[in-house]
Amino acid sequence: MTKADLIEEVSRVVEMTRKDSEVIVEAIFESVVKSLRAGDKIEIRGFGSFRTRQRQPRVGRNPKTGARVEVPPKRIPYFKPSKELKDLVNAATAEAPAPAAGAAPAQAPPSV
């Protein structure tokens, strides 16, 4: 799903214009980014949490020249899904029947 798809879905579900839905989606994304920049964590019950992790400085290599490159420390955002979200995702995949263990694959009829 893309951001445009998300905007369309919000517009359809709440029955408002696409422009208004776009403002809502943008406001949510801006709030998430603003909180992460401030070092806060965002917890959405039943969905998951967004946090930042600190990466230590390290020495990397330029793949083209092989020269050593100092990589500075940085904060990276990450998402941790809630147990409820994991269960919902796995319940959807559990509904699809899996092939039985040891079952022979279907064979095409012989051609004449």
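Miscellaneous remarks
- Matching residues in segment 21-43 - criterion: being touching a residue at least 12 places away in the same chain (Cβ under 8 Å) and either assigned to a loop (DSSP other than H, G, I, E, B) or assigned by TED's automatic domain parsing to the domain that holds TYR78 (or both): GLY39
- A single entry from GLY46, GLY39 fulfils the requirement of being of a type in the set (Gly, Ala, Ser), in contact with a strand residue (DSSP E or B) (Cβ under 9 Å, 6 or more places away or on another chain) and at pLDDT below 95: GLY39.
- All of (1) surrounded by 10 or more Cβ atoms within 10 Å (Cβ to Cβ); (2) modelled with pLDDT of 90 or more; (3) outside any strand (DSSP E or B) hold for ALA94 with one exception: (2).
- Extreme residue, surrounded by the most Cβ atoms within 10 Å (Cβ to Cβ), among residues of segment 6-37 that are under 30 Å from ARG53 (Cβ atoms) and small (Gly, Ala, Ser): SER35
- Within segment 46-64, the set of residues being over 20 Å from the mean Cα position of the chain (by Cα) and in a loop (DSSP other than H, G, I, E, B) comprises GLN56, PRO57, ASN62, PRO63, LYS64.
- Residue check, THR65 under 18 Å from PHE29 (Cα atoms) and of a type in the set (S, T, N, Q): no
The values are calculated or read from the model by the stated rules, or taken from the named source; none is laboratory data. None of these values were measured; they are calculated from a predicted model. Quick reminder, even Gly has a Cβ in these numbers, built from the backbone with ideal geometry, and neighbours come from all protein chains shown.
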